[in-house]
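Heads up, the thing below is written out as structure tokens.
The values are calculated or read from the model by the stated rules, or taken from the named source; none is laboratory data. Quick caveat: nothing in here was measured; it's all calculated off a predicted structure. For neighbour counting, all protein chains shown are included, and Cβ atoms are generated from backbone atoms with ideal geometry for every residue, glycine included.
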Amino acid sequence: MRYVRARLVRFLFTVWLGATVIFFVPRLSRSDPTDAIIGQLLSSGAGVENADAIIEAYKQRFGLDDSIWVQYGRYLANLFRFDNGYSVVEFPTTVDSLVLSALPWTLGLMGAAIVISFLVGNLTGTLLGWERTPRWVGRVLTVPLVFTALPAFMVGLLLINVFSYNFGWLPPTGAYDPSVDPGWSVAFALSVIEHAVLPVTAVVMVTMGGWALGMRGMMITTAGEEYVRLAEAKGLRSSRVLFNYQVRNAILPQITRLGITLGLIASGFVVIERVFNYPGIGMRLFRAVTRNDYPVIQGVAWYLVLGVALAVLVVDLIYPLIDPRISYRSDSD
Amino acid sequence: MGPRSWAHWVNPTLIAGLALVLLVIVSEWVLPVFVDTDQIAAGSGAPSVVPSFGPTPDLAAGFVEATPDHPLGTDGRGRDMLAVLAVGTPRTLKIGLIGAGLGTLIGVLLGFSAGYMRGRVDTVISTLADTAMTIPGLAVLVVVASVVGEIGVVSMGLIMAAFAWPMPTRVLRSQVLTMRERRYVVMARMSGSSTPGVMFKEIMPNLLPYLAASFTESVAGVILAVTSIETLGLGSRRLPTLGTTVNNALEGSAVFRGMWWWWLPPIFVLAVIFVGFLLLTNGLDQVANPRLRDESL
Amino acid sequence: MSNILEVTDLEVTYRSRSADLVAVQDVSFSVGRGELVGLVGESGCGKSTTINALLRLLPRAGRVTAGMALLDGHAGPLDLLSVDEKRLRDVRWRDIAIVPQGAMNSLNPVMPVGKQLADGVTAHRDASTPEVNERISELLNLVGLAEETTGRYAHELSGGMKQRVCIAMALMNRPALVIADEATSALDVIVQRLVAQTILDARDKMGTSFIVIGHDIGLMAQLVDRIAVMYLGRIVETGPVIDVLTDPKHPYTELLLASVPEVGKEAPAVQSGGLVASPVTGGCAFRERCPEAMEVCAAETPPVRRRSGGGEFACHLDRHG
Ligand SMILES: Nc1ncnc2c1ncn2[C@@H]1O[C@H](COP(=O)(O)OP(=O)(O)O)[C@@H](O)[C@H]1O
Ligand SMILES: [Mg+2]
């Protein structure tokens, strides 16, 4: 179980480092976020009746008179209890409940995009790197790779312009049609899918190329491996050589890479949600930024760090199941 | 292994990338000569107001404002789009260069130390770099930017460097480790033992193409990150960058008003920059690793 | 056709950006049923290229540019070098199997050994699982491995164990011909003996023919019936192993034998020449290093002469009469 322990330690270290940065960075700047929060509350006429209560809540929570280290300790302890405090704009809604209500949308959209991109990209790469792929197929498959270098939000804007504005085929914003009642109905499910098509497509278009190129390289590498040539010498069907020998090995570094790039993918998603007005936690973050809702900004940032670290941990823990050379007992990375 | 021959550097991908990037950089000097950059102020030209709630938004109605004075038209608040691009593009590029430059520098120092000293130093540096890579940079950047408020080009570049170092660190570390093995025999025969300084001078010329590739990759990464947080409404607000222009377009519902001349140009310039740096990176990778050339598509 | 394999005038070229390299030229030899043929020569002389060409396993850069290789398999004789994919797959592993050079990397790292032993059988006929399993344990036994090996992965086996798994794998379908490329190199002496014994057993029990590639002349002497000596892409001498080793006709064979310090020890690298350029066209390829080179050696391709006890050699000199 040394492997599991090492991964857990790394997970905790990542989360701790993220939390620490999120806690200290704002305090390094001249403007104290707590002051800013209070200032904002006082200047906004809307919440005056609540202002005293909020200020009191914050003073208590941050223990403004305590030393920064005591505040830091309390911050970490609160994180442990998933207590990120209150939104200043929507007081007394807690940050955690705001994140929680937005989370399913992000998880669904992101999960779909990552899975589709990983599958399509690696399949493309497999065909690009396979010696038996007909030339014209290879040529055709390189076409969708032109979007690889671009940020997802760019492609998103282009998609909205073409498919929503010009053709009016697909809805450009939101997660579902407000005229449909949310619930377990076919109409609602269809509406959700319809709204997810464009953002998911945008993300898949820009991320699948990376998987494809990586997989293509690995296919070329494994094609030269002695065990693949031996599999051919055994007269196995070429599909078996391809999948059980070549792809099975070529995919391993890709899965490692999935873990490494999750952070980047998540970052791209925040902007995608803003462009598509998708009600996930990226949108929450954007809205918090525009309204200077610092606790929500910090809270969402922390949840992003936590979420990505968790996903990386899951990938790490699954990995030994598919690569017998890494066992739960070894501590290699 | 002698110094690499210059023929290696003559590489179609590399040259294409260089040409694209140079095009963008040169336009930075050329455009202000022809364009009145003061027109980045809102209200310089008549705002292009295309009704957003009409049954069919009239494209022409908005572009009427594209007069000889405003060849690319004006945005929803009357900023001249050509001027905006002329000012915004170099600012975005500068952030990318500063961030990636400093990030690469930090990466060189950390990566070299890790690869050279190995042992505990290596463990600490590698763990930090690996961990930093799994922290979604955007999340932390948003926290920083939201607290700091208005951020100039240089400070933004410096902030970005904090997120641009892990990749070069990893690249350099692994390269130094392999070079070290390869060079070890030669070095030992030549001078008995080698100081870090000698080692650094020995290794650096060979690492140049790797470093250059890692740098150009970082530039693209930094520009992506900075553009991303700008589209969330953070960063520089006083003077335009490509990211803030996209954000303005988003806020002005440019897409739904059919005002493509508002959101498309900054995206187009960004695309040229990204493709240019991607080609540069691939070209440099091929220079660093000639085997890749035979495998390229 | 009485021979299991007849190779005629094989030529293989490696293409690269800068130049083409003819790695194997004018190679002809045959393997009788149940015969053990040794192929020796210094590293880089084209042994692996030759047999990879026969098995159609050349890397992408390599092309067969001339020659024929008739294999008399279960479906009658066919030319390995020109047969279509479908029939090639059919004879592979069933008629002709290989123990690859560098068995270190020859096992799929993510598939248990047992599965890799089995799939070479099930790809060719509908064999029941118990039948396959029985065959597996029989062969593991033959090569001296425990039955639990089937559940293990490559990284859990030592080099010698992997090598023996590869030999077991090659014998699974009782092929008529097995090619062992340096199957005993880099193994300790005990395992070497075991491998050699396995080869002899297979020949005696199943009538399997072998092409054994190696540079341990001592081991060759005890193992094979006939030997072929390769130099710079060509076969320079063939003949019954005892004849060739006791009475070498070609100066290169002599040099090769002289550099073996003691029978049973690993041969030290002969002064490395390797194939730097294509084999010399015109004249004898060995003349540069030949202690007995004459003017004619540079001008004319050496004639092929017969050895008295069977076999041939290519030299302008016929020293021992
Ligand atoms: N993939 C390849 N591409 C180009 N040349 C090759 C390749 N493989 C082998 N060669 C060349 O062919 C010659 C014969 O190599 P090889 O058949 O491996 O020799 P051996 O097995 O006798 O050691 C060598 O000169 C080697 O450099
Ligand atoms: Mg060989």
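Annotations for the structure displayed:
- For segment A:159-173, a residue qualifies if it is crowded, with 19+ Cβ neighbours inside 10 Å and over 24 Å from the mean Cα position of the chain (by Cα), and exactly one does: A:Asn161.
- Residues of segment A:39-77 that turn out to be over 15 Å from A:Val296 (Cβ atoms) and either at pLDDT 80 or above or not polar (S, T, N, Q) (or both), as a count: 27
- Residue count, segment C:69-88 (criterion: in contact (Cβ under 8 Å) with a residue 12 or more places away in the chain and in a helix (DSSP H, G or I)): 2
- Conditions (1) aliphatic (A, V, I, L, M); (2) more than 16 Å from ligand 1 (Cβ to nearest atom); (3) farther than 25 Å from C:Gln192 by Cβ; (4) within 14 Å of chain A (Cβ to nearest Cβ): number failed by C:Leu117: (3)
- Candidate set: segment B:220-277, residues that are closer than 19 Å to B:Asp38 by Cα and part of a loop (DSSP other than H, G, I, E, B); chosen: the one farthest from the other protein chains (Cβ to nearest Cβ): B:Leu239
- When segment A:108-152 is filtered for residues that are more than 14 Å from every other protein chain (Cβ to nearest Cβ), farther than 25 Å from A:Val241 by Cα and exposed (fewer than 14 other Cβ atoms within 10 Å of the Cβ), only A:Gly111 remains.
- Selection within segment C:86-100 - within 16 Å of ligand 1 (Cβ to nearest atom) and at the interface with chain A (Cβ under 8 Å from one of its Cβ atoms): C:Ile98, C:Pro100
- Within segment C:58-79, the set of residues being among the aliphatic types (A, V, I, L, M) and near ligand 1 (Cβ under 9 Å from one of its atoms) comprises C:Leu58, C:Ala61.
- Checking each residue in segment A:274-298 for being within 19 Å of B:Asn248 (Cβ to Cβ), more than 9 Å from every other protein chain (Cβ to nearest Cβ) and part of a helix (DSSP H, G or I) picks out A:Phe276, A:Met283, A:Arg287.
- Members of segment C:7-57 that are within 12 Å of ligand 1 (Cβ to nearest atom), among the hydroxyl-bearing types (Ser, Thr, Tyr) and in a strand (DSSP E or B): C:Thr13, C:Tyr14
- Unique match (being under 18 Å from C:Val229 (Cβ atoms) and either more than 15 Å from ligand 2 (Cβ to nearest atom) or not aromatic (Phe, Trp, Tyr) (or both)) among C:Leu39, C:Leu57: C:Leu39
- Hits in segment A:243-256 (condition: away from every other protein chain (no Cβ under 11 Å) and within 28 Å of B:Ala132 (Cβ to Cβ)): A:Pro253, A:Gln254, A:Ile255, A:Thr256
- When residues in segment A:68-127 are screened for being touching a Ser or Thr at 6+ places or on another chain (Cβ under 6 Å), outside any helix (DSSP H, G or I) and touching a residue at least 40 places away in the same chain (Cβ under 8 Å), 2 of them pass.
- The helices (runs of 4 or more DSSP H) found wholly in segment B:104-176 and carrying at least 1 residues that are more than 13 Å from chain A (Cβ to nearest Cβ) occupy B:119-134, B:153-164.
- Flag if C:Leu145 is over 19 Å from A:Leu230 (Cα atoms), more than 16 Å from ligand 2 (Cβ to nearest atom) and touching a helix residue (DSSP H, G or I) at 6+ places or on another chain (Cβ under 6 Å): yes
- The set of residues in segment B:108-140 that are farther than 26 Å from A:Ala311 by Cα, buried (at least 24 other Cβ atoms within 10 Å of the Cβ) and not hydrophobic (A, V, I, L, M, F, W, C) comprises B:Gly111, B:Gly115.
- With respect to the conditions (1) away from chain A (no Cβ under 13 Å); (2) over 30 Å from C:Glu312 (Cα atoms), C:Arg63 lacks only one, and its number is (2).
Residues checked against (1) away from every other protein chain (no Cβ under 12 Å); (2) without any contact (Cβ under 8 Å) to a residue 12 or more places away in the chain; (3) in a helix (DSSP H, G or I); (4) surrounded by fewer than 18 Cβ atoms within 10 Å (Cβ to Cβ):
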{"residue": "A:Ala175", "(1), (2), (3), (4)": "yes, no, no, no"}
{"residue": "A:Pro178", "(1), (2), (3), (4)": "yes, yes, no, yes"}
{"residue": "A:Leu190", "(1), (2), (3), (4)": "yes, yes, yes, yes"}
{"residue": "A:Pro199", "(1), (2), (3), (4)": "yes, no, yes, no"}
{"residue": "A:Thr207", "(1), (2), (3), (4)": "yes, no, yes, no"}
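- Options A:Pro320, A:Pro324: the member that is more than 9 Å from chain B (Cβ to nearest Cβ), touching a residue at least 24 places away in the same chain (Cβ under 8 Å) and not hydrophobic (A, V, I, L, M, F, W, C): A:Pro320
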